[in-house]
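Written out below as structure tokens is the structure these notes cover.
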Amino acid sequence: MKVVDSGRMTEIDRRAQVEYGIPALVLLENAGLKSYQYLKDRYWGGRPPEGPAVFVAGKGNNGGDALVIARQCFLDGKRDLTIVTSGDPEPVQMGMCAALGIRACRWDGAEAREAIERSSVLFDGIAGTGLKGALKKPLDSLVGAVNASRSFKVSIDVPSGVGDGYRDGDPAVTADVTVTMGLPKLCLYLPSARRLAGAIHTIAIGFPPGLLDADDIPGELLTIETVRSRVPAVEPDSYKNRRGSVAVFGGAAGTTGAAVLAARAASRSRAGLVTVFAERAVYPVIAAQLAAVMTRAWDDSASPEGFEAERFDALLVGPGWGQAETRKAWLGYFLSSGARGVIDADGLNVLASERASLPRRLGGRWILTPHPGEFSRLSGADRAELAGNPLPRVLALAEELEAVIVYKAHVSIVAAPDGRYGILDGMNPSLGTGGSGDVLGGIIAGFLATGLDAVSAARAGVIAHHLAGRMAFAERGWYSAEELVEFVSRASSLEESAARPPRPTRFEP
């Protein structure tokens, strides 16, 4: 499913009306009606919500959607409901609600405050994606009253206050559920905004498929279904040499576990052969922990010339590798060799510190897997900027380096050099454990070794890692990276259904 910013969604809405003759009122009616039906079936057992319901309607389409839902609730037999308006709500929908006798009041009076305070469920239709900048008075105080309510909060399209320019700390509704129309909105997946949206559900409201699936929409929401369709099945007659070989360069004094985790993950991610190249000082420690993975003593002070990196189908460079001076020459050789691979952890730190002397363009063969701190060092971006909206910076660096970049966070981005990107709506705090990134690097390298292109391998890797985390938490609760590896085999099949992830209590049940 594609992901769009507010400008593109507005264009889709306009073209649906102009080119396909779909009236705006029909789209608005569909949005409210289908959202109500979905919520009723998903959360309330096919009945209207229990307890006092409040519908907060602003002046835009979001407010109109809230009014449609209020009307449907009323027609469904619910009488304990109140409309709270801000600005001038959509006149046709407001007129129908008034004709039915639905109670309405304006913000900010005592009646509105009392209704919001006593509500059991509240529908937020204050402002939509067209918002420019932060909410101003009196809407900021209305958002404050909504958030102070103990009600179950449903935001329509986006939590009010969240838009493409949202910044952490701007006034915004904190929702339990967001029903978004047509396509997922990019602003919902901004790192600082994602926690405000709760469970996100996309509602089809009748936009023509050609507008929603257009090839020139660069963003896509990554799901197991979309990724699986691009990963060929392993042939029944395949064997270890045909399934691909991975070389892992990692492990140094004090960080040998990183190489072990990465190698074990790679061997569970479809690759047929995995070899760890460990410096001589730690070779015995790593070799003792790996039975099915080959271990080779590596002389890091030797010249890399003649190593023949291309005889491996994928390299993984960096987990627990250290940042000794010798690493620069080896990394430069790997990047210039024509080999394909993944750069993680210390490999990224060496690359960041030696950008001027290492190859500037990586030919689309390499996948970089930075977390925000590593990405900041690679790109020079400020951490605060990345917390707001990292996507422009991630896309720019992918184009500059001609590399695939996996930006690791609670919402992850897989960016291609040509401007395409995928978003993984992770929100899985159980993966925030030491060594989890090493496991991810190994998974991606395993997929890459099977012959996938770099973009497909990165996408398959982040999905498999995410699924493994969900499975591990469902079975073990909070787990270590060693335990996470045990679930990689099932997850990398991209066929196992995963249990629900750990989540804040305000997320969906």
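Every number here is computed from the coordinates shown, using simple stated rules; none is lab data. Treat the numbers as computed from the prediction; the structure is a model and nothing was measured. We place every Cβ from the backbone using ideal geometry, glycine too, and count neighbours over all the protein chains shown.
Miscellaneous remarks
- The alpha-carbon of LYS40 sits under 20 angstrom from the alpha-carbons of these lysines, leaving out residues fewer than 8 places away in its chain: LYS78, LYS153.
- Rg/Rh for the range 135-194, where both radii come from Cα atoms and Rh is the Kirkwood radius: 0.94
- Listing TRP321, TRP44, TRP366, TRP107 from fewest to most neighbouring C-beta atoms within 10 Å gives TRP44, TRP107, TRP366, TRP321.
- For the range 352-509, a Kirkwood hydrodynamic radius built from all Cα pairs, placed in the Stokes-Einstein relation at 4 °C and 1.567 mPa s, yields a translational diffusion coefficient of 80 µm²/s.
- Across the range 1-85 the C-alpha pair distances fall into 5 Å bins from zero in the proportions 3, 14, 19, 22, 18, 11, 9, 4, 0 percent.
- With a Förster radius of 25 Å applied to the beta-carbon distance between LYS137 and ASP168, the computed FRET efficiency rounds to 0.80.
- Neighbour-count order for PHE312, PHE447, fewest beta carbons within 10 angstrom listed first: PHE312, PHE447
- Pairwise Cα inverse-distance average, inverted: Kirkwood Rh of the range 2-217 (Å): 17.0 Å
- Taking the convex hull of Cα positions in the range 295-334, its mean projected area over all directions (nm²): 3.1 nm²
- Coarse-grained scattering of the range 44-154 at q = 0.16, 0.17 Å⁻¹, given as base-10 log I(q)/I(0) from a Debye sum over alpha-carbon atoms: -0.65, -0.73
- Calculated Rg and Dmax of the range 65-112 using C-alpha coordinates, Å: 10.3, 28
- Entries of LYS2/LYS240; LYS59/LYS132; LYS2/LYS59 with Cα pairs more than 25 Å apart: LYS2/LYS240; LYS2/LYS59
- Mean Kyte hydropathy of -0.5 or more with a Cα span along the axis of at least 24 Å, helices from DSSP in the chain: 24-43, 454-476
- In plain terms, the chain from ALA98 to SER480 could stretch by 131.8 nm, reckoned as 0.36 nm per residue minus the Cα-Cα distance.
- Kirkwood Rh and Cα Rg combined as Rg over Rh, evaluated for the range 187-242: 1.15
- P(r), alpha carbons of the range 122-161 - 5 Å bins starting at zero, rounded %: 6, 24, 34, 24, 10, 1
- Share of alpha-carbon pairs per 5 Å distance bin for the range 244-491, given as whole %: 1, 7, 15, 20, 22, 17, 11, 5, 1, 0
- Orientation-averaged projected area, Cα convex hull of the chain (nm²): 24.7 nm²
- Our note on the geometry: Cα centres of the range 133-149 and the range 329-353, 48 Å apart.
- Cβ-based exposure ranking for CYS97, CYS105, CYS73, in which fewest neighbours within 10 Å come first: CYS105, CYS73, CYS97
- Estimated 222 nm signal from helices in the chain, with DSSP H stretches of n ≥ 4 weighted -39500 (n - 2.57), rounded to 500: -11500 deg cm²/dmol
- Extended-chain gain in nm, criterion 0.36 nm per residue less alpha-carbon gap, MET294 and ALA214: 24.2 nm
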